[in-house]
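What follows draws every value from the coordinates through simple rules; no lab data is involved. Note that the structure is a prediction, hence the values are computed from the model and not measured. Quick reminder, even Gly has a Cβ in these numbers, built from the backbone with ideal geometry, and neighbours come from all protein chains shown.
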Amino acid sequence: MDLPEPGRCRPDDPGAAPRERRRGRRARGRGALSMTAKGEPAKGAAAKGGAAGGGAARDGAAKGAGRRPPTVTTDTARPEGGGRAAPGDASAPARQWPLLSVLVLAGIGLVVVGTDPFQQAFRVGTILVGVALLLGAVMRRVLPSVGMLAVRSRFTDMITYGVMGGLIVLLALMVQPEPWLRIPFLEDVLHLTVT
């Protein structure tokens, strides 16, 4: 007979505190055999179910307890629509044309901003970057497969590309001096955040 720790009662002890008895009941409900107050196995349908289910639960718990996730991830599930955008016999750039079109358009916008060849180059180049992201959102919605343009789920990609592209275009249209678009309440918010 194993003795309880000093100051603690055994869960099945009739003199145990209510909290200790509840704890013992919970342990028995998790797959342990039901015992009577005298320490004998309980009889009846509940005990049979506990014995049959308890063994399976204990085996499952023993297997799951020692199992750890792998230290190195060997594979990741491809996002929805992340397949090739062209047949497998096409060249690599042709298979990734949606991503390349977005990158090329954004790159043209950055070159326009960087070289500053005309008066409103900053505004036009920034709008091109925003339009590239909006194009990515549209392609993610319309095309069944977009290759590496698919990062997450279709809905998340559409929202991410669309919101970021829309904000970039909006800010490019409102940039000072001589904004092409005036939205009074947004100008007030901008003045409050800058000053």
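Summarising the label geometry, the points placed 7 Å from Cα in the beta-carbon direction at residue 159 and residue 189 lie 1.8 nm from one another. A simple spin-label model places the labels of residue 68 and residue 80 3.5 nm from each other, with each point 7 Å out along Cα-to-Cβ. Per the Debye formula on identical point scatterers at the alpha carbon atoms of segment 82-183, with no solvent, log10 I(q)/I(0) at q = 0.11, 0.17, 0.19, 0.25 Å⁻¹ is -0.38, -0.77, -0.89, -1.19.
Show me the ranking of peptides 175-182, 116-123, 152-159 by mean Cβ neighbours inside 10 Å, starting with the highest.
Per-residue mean Cβ counts within 10 Å order the peptides as 152-159, 116-123, 175-182.
Once the Cα-Cα distance is subtracted from the 0.36 nm per residue extended length, the residue 174 to residue 121 segment shows a gain of 17.7 nm.
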